[in-house]
Amino acid sequence: MLLLRCPLLLLLLPLSSRPQKLPTRDEELFQMQIRDKAFFHDSSVIPDGAEISSYLFRDTPKRYFFVVEEDNTPLAVTVTPCDAPLEWKLSVQELPEEASGEGSGEPEPLEQQKQQITNEEGTELFSYKGNDVEYFVSSSSPSGLYQLDLLSTEKDTHFKVYATTTPESDQPYPELPYDPRIDVTSLGRTTVTLAWKPSPTASLLRQPIQYCIVISKEHNFKSLCAVEAKLSSDDAFMMAPKPGLDFSPFDFAHFGFPSDSNSGRERGFIKSSLKFGRQTLSKPRVDLHKVCIGNKNIFTVSDLKPDTQYYFDMFAVNTNTNMSTAYIGTFARTKEEAKQKTVELKDGKVTDVFIKRKGAKFLRFAPVSSHQKVTFAVHSCLDAVQIQVRRDGKLLLSQNVEGVRQFQLRGKAKAKYLIRLKGSKKGASMLKILATTRPNKQSFPSLPEDTRIKAFDKLRTCSSVTVAWLGTQERNKFCIYKREVDGNYNEEQKKREQNQCLGPDTRKKSEKVLCKYFHSQNIQKAVTTETIRGLQPGKSYLLDVYVIGHGGHSVKYQSKLVKTRKFC
């Protein structure tokens, strides 16, 4: 592909550090032309050795040109459809005698050359219809004006074109290994482990290659361009230009040209990026994910859904050229979630539940009598848990629960309720749950929003501390306990002991300070204080307050670490 006397100028850049010159190219004229932006106002030129991105309107054909001035020139053309199948054809016409020469004289106007040549149909070299990345490769191409015609009959779409006259030295696309398949080496309920053979471009040619994995629930993808188009909001990978403008005129940067201060004396690969109109913010699709993992050739995809089919694609990306090659995609179905025994809940009875880290438990509640309302009370002992309630298959409730929460749902005759409890990602979860059709059956005590214990530093003495905590409008019994701890006791140890479901019955009698009943109709005044006496000077104590409901169930407030004064 050669630019000498015509303005069908092509950008030339080699992969090697030594610049390559095409046959008979006038280097001085070439440098003069790339500095003159007017030569590039026609967007139908395909530069040599650079991948371009462009746009097709549905049923509107588009034609690109490039010139090969000498016979027996190697030639490679690659067309990458993005989000729709393409029909494309490559043909060649002979150059008029005036258009071929030894690279001297003034270049002819572009329109004049088109009139001389393009009125005639050329010789078809290759044609293709589909959405695969397809190639035309020839080790010995005749001189002439080459025409690339493209058409999309399905919808407006994007595509990429790459053409070069030095395919052996360029090699911008990563090479695939002899076995380009992706192997599924391990399969779980929420994970799939993939492995693949490395690209020879990385292992042999030592070029920088990174691998990008694409996970989809719909289908496999044949190019990274198609993935990027799908990932973009509303399938708009790039905003479509206004009809008739044909992207012209445009700046050098659209073809990856350097600024005027660096006119590109060496040939290298261009990372081109066309952006038309306003930029759109990409909204990630929940059913499609792309992750680039560097040069590893094994990867475990996690956080998948059980019993779900996923499609996996792998793309080797040359980070120098930003051009990619697709491995042969695969698919796999994650294993079914282990069938768990469903625990039956009895009306008005508290049930203890233990859930493994990231695990889940299923419970069933089937009231024996008709009911207008049903109440679910949950007491999470440690970290927050998620509760979902379905009535006869219909989702009624989905909430995260921390501490004590109560939910009242409308009842239905002969209804059956399925409760799904999902544990914390941090560790194992413990909770207590109560289901009842009797609204006055409340086993869990009501709690204030703030369950901290406040210590008054100014009232601290060598033998006593004064603390306060909030109550509610409901009359409940409060018991306070103390335990001496060593001076190294810290917040991390206290956090490990924050099991709110452990009641006073687990404490030693010697640790009990007192119990009292307390409530206030004015929620703003629902505060009580207590002075704990008989402590030792300079000692640390862990204080716990338990509130005990009418059904005997207790909930522990957040523990408080206090220390008496050493000298008084």
| task | Subtract the Cα-Cα distance of Leu204 and Arg63 from 0.36 nm times their separation in residues, and report this length gain in nm to one decimal. | result | 47.0 nm
| query | With a sphere of radius 9 Å drawn around the Cβ of Pro537, what net charge do the other residues whose Cβ falls strictly inside it have (Lys, Arg +1; Asp, Glu -1)? | reply | +3
| task | Sort Glu70, Glu124 by accessible area with a 1.4 Å probe, largest first. | result | Glu124, Glu70
| Using a simple spin-label model with points 7 Å from Cα along the Cα→Cβ vector, what separation in nm is obtained for Thr308 and Ile328? | 2.8
| task | State the three equivalent ellipsoid semi-axes of the range 453-563, derived from the C-alpha gyration tensor as the square roots of 5 times its eigenvalues, in descending order and whole Å. | result | 23, 17, 12
| Whole-Hz couplings from phi, Karplus 6.51/-1.76/1.60, listed for the range 443-452; x for Gly and Pro | 8, 8, x, 6, 10, x, 5, 9, 10, 7
| So which of Lys339/Lys422; Lys160/Lys296; Lys349/Lys482; Lys346/Lys422; Lys482/Lys509 end up more than 22 Å apart by C-alpha? | Lys160/Lys296; Lys349/Lys482
| said: Taking the alpha-carbon distance from Lys290 and a cut-off under 16 Å, which lysines remain once sequence neighbours fewer than 8 residues away in the same chain are dropped? | reply: Lys217, Lys222, Lys230
| In terms of solvent-accessible area of protein heavy atoms at a 1.4 angstrom probe, what is the ranking of Glu94, Glu228, highest value first? | Glu94, Glu228
| query | Do any of Lys356/Lys556; Lys425/Lys516; Lys432/Lys539; Lys414/Lys556; Lys89/Lys155; Lys341/Lys425 go past 28 Å between their Cα atoms, and which? | reply | Lys425/Lys516; Lys432/Lys539; Lys414/Lys556
| message | With bins 5 Å wide starting at 0, give me the P(r) of the range 343-436 over every alpha carbon pair, in whole percents. | response | 3, 14, 28, 26, 17, 8, 3, 1
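The values are calculated or read from the model by the stated rules, or taken from the named source; none is laboratory data. In this text the structure is predicted, and so the values were computed from the model without any measurement. As a convention, Cβ positions derive from the backbone with ideal geometry for all residues, glycine included, and neighbour counts pool all protein chains shown. For the accessible areas, the whole protein counts, side chains as well, though only heavy atoms, and no ligand, DNA or RNA atoms are used. Shrake-Rupley method; radii C 1.70, N 1.55, O 1.52, S 1.80 Å.
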